[in-house]
Each structure stands twice: as C-alpha cells, then as structure tokens.
Amino acid sequence: MWLLRHCVLCQRLQQRWCCLSCWGGISPFTAASEPSWSIQLTPQRPCISYAPYTGDIQQLLYLIKYHGFQSLAKELGTELGRWYRQHWPLPDVIIPIPLHASRQQERGYNQSEVLARSLARQLQRPLWLALQRERATPRLYNLSPADRAAQLKNAFVLSSQGTNFTRYAGASLLIVDDILTSGSTLKSAMEALLTVSHRQVGLTLARADITDPLDL
C-alpha cells in the first residue's frame with residue numbers, strides 16, 4: 001500500500017513530498033540560459049549546479065536543512081541523478097560534503113550525504129565517505145566570500161577509511177553538496193582530496209546568485 005502525503009509545494013495529496021508536477025516546474029540551468037558548468041572552482045575542477053537557488057528550490061532546501069525532511073532529500077537526490085545521467089559522464093565514485101559532528105548531531109542527518117546516497121543509487125556508483133570536517137565553522141550564509149574562505153581553510157581532512165585511498169587513486173570524483181554560494185566549501189574539500197585524485201567535479205542541487213564572481 002502506498003503511503004500518501006501532501007506535496008510540500010502544491011499541497012496535493014499524492015505519493016511524494018515533492019510531486020512530479022511541481023518538480024517539473026523547476027527550470028534547470030541550460031546551455032541557452034547559463035552553462036551548467038557554473039564555476040571553475042580551481043583550474044580543471046568545475047562545479048555543476050542543477051538550478052538557481054530561488055523560489056521552489058529554495059523552499060525545498062529550507063525544509064530539508066531546517067525542518068527534518070530527510071525523505072524529501074532522498075527524492076531530490078534521485079531526480080538530480082536522473083538529470084545528471086542525461087548530461088554528464090558518470091564518475092567513478094561519489095563523495096558527499098560532510099558536516100561537523102556537532103552540526104550533524106544537532107540536525108540529525110547530513111542533507112548532502114542523503115542527496116549523495118540517492119544520487120549514487122540512481123547512477124549505480126559507489127558512495128565514499130572520504131572526508132571528515134576537522135573543525136566546526138560558524139554558519140556561513142551571512143559571511144563575505146573572503147570570510148567564508150578563511151573559515152573553511154583546511155576545514156576538511158581525509159577520513160579514517162584508509163583502505164579506500166589506494167582503491168580510488170586517480171579516480172574521477174564527484175563531490176556533492178546541497179548549495180553552491182561562494183564555492184569555498186567545495187574548494188576546501190577538493191584541496192583535501194588532491195592526494196587521492198586531481199580528477200574532481202563538484203555537483204550541487206542549487207546555485208545561489210553570486211554578484212561578483214571575481215570574489216571567488
């Protein structure tokens with residue numbers, strides 16, 4: 001028996017937290033509007049984002065991050081995987097951006113890991129918890145790009161899963177986060193992964209409006 005629930009956007013009773021009609025109404029980045037290769041975080045290491053961080057996407061991510069909608073994150077990870085498979089080469093392994101242990105305990109889960117797990121199932125690729133957040137950082141949403149970069153410098157280290165380091169040496173790494181703003185989080189994570197592989201691409205569900213890309 002299917003469990004019925006109300007779509008969080010249109011409130012219609014159906015089987016998903018975000019119904020397919022509402023999801024279909026969210027316009028992803030296209031070549032005609034903006035390149036999906038949204039930002040070169042560092043030379044040869046770009047980040048792809050699905051859609052702008054506005055409207056419905058913004059509301060969905062707010063519910064995931066601050067109201068415990070973990071199942072919604074699973075749905076969106078699956079849809080992100082379907083879109084990714086249509087447009088981009090498959091990676092060798094998928095790596096989520098970790099939360100610090102204190103933040104994850106407070107929230108109850110890591111939304112980026114939930115997105116990445118569903119994405120990995122959809123792409124039929126392994127998920128690797130390759131990183132850990134070495135230190136807690138303040139909430140970054142109200143900080144300037146320069147302050148974000150300073151807070152996140154050396155924030156990530158390789159996890160204790162050492163047996164995988166050799167296995168994935170030189171592999172293509174898809175590093176998953178929920179939102180791209182200044183790019184500081186992904187850049188810091190990519191730096192920590194350089195000892196594993198230089199073949200790195202970031203992927204986020206949304207990209208916030210960045211008024212001055214030179215600040216990146």
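State which residue is surrounded by the fewest Cβ atoms within 10 Å (Cβ to Cβ) when the search covers only region 127-143 and only residues that are modelled with pLDDT of 65 or more and of a type in the set (S, T, N, Q).
Gln132
List the residue pairs whose Cβ atoms are under 8 Å apart, where the first residue sits in region 1-12 and is over 13 Å from Leu63 (Cβ atoms), the second is modelled with pLDDT of 90 or more and in a loop (DSSP other than H, G, I, E, B), and the two are 6 or more positions apart or on different chains.
Between residues of region 1-12 that are over 13 Å from Leu63 (Cβ atoms) and residues that are modelled with pLDDT of 90 or more and in a loop (DSSP other than H, G, I, E, B), the close pairs are Cys10/Cys19; Arg12/Cys19.
Can you name the helices (runs of 4 or more DSSP H) wholly within region 43-109 that have at least 1 residues being modelled with pLDDT of 95 or more and surrounded by 13 or more Cβ atoms within 10 Å (Cβ to Cβ)?
Fully inside region 43-109 and qualifying: 55-66, 70-87.
So the check is Cβ under 8 Å with 6+ separation or different chains; which pairs have a first residue in region 87-102 that's more than 23 Å from Thr166 (Cβ to Cβ) and a second one that's open to solvent by 60 Å² or more (accessible area, probe 1.4 Å) and of a type in the set (D, E, K, R)?
Close Cβ pairs satisfying both conditions: His100/Arg135.
Among the listed residues Ala120, Ala146, identify the single one that is open to solvent by less than 30 Å² (accessible area, probe 1.4 Å), assigned to a helix (DSSP H, G or I) and either at pLDDT below 95 or closer than 27 Å to Lys74 by Cβ (or both).
After ruling out the rest, the residue left standing is Ala120.
Considering only residues of region 185-208 that are polar (S, T, N, Q) and open to solvent by less than 10 Å² (accessible area, probe 1.4 Å), which is nearest to Asn110 (Cα to Cα)?
Thr204
The values are calculated or read from the model by the stated rules, or taken from the named source; none is laboratory data. All of these numbers come straight from a predicted model, not from anything done at the bench. As a convention, Cβ positions derive from the backbone with ideal geometry for all residues, glycine included, and neighbour counts pool all protein chains shown. The area values use the complete protein model at the heavy-atom level, side chains included, leaving out ligands, DNA and RNA. Shrake-Rupley method; radii C 1.70, N 1.55, O 1.52, S 1.80 Å.
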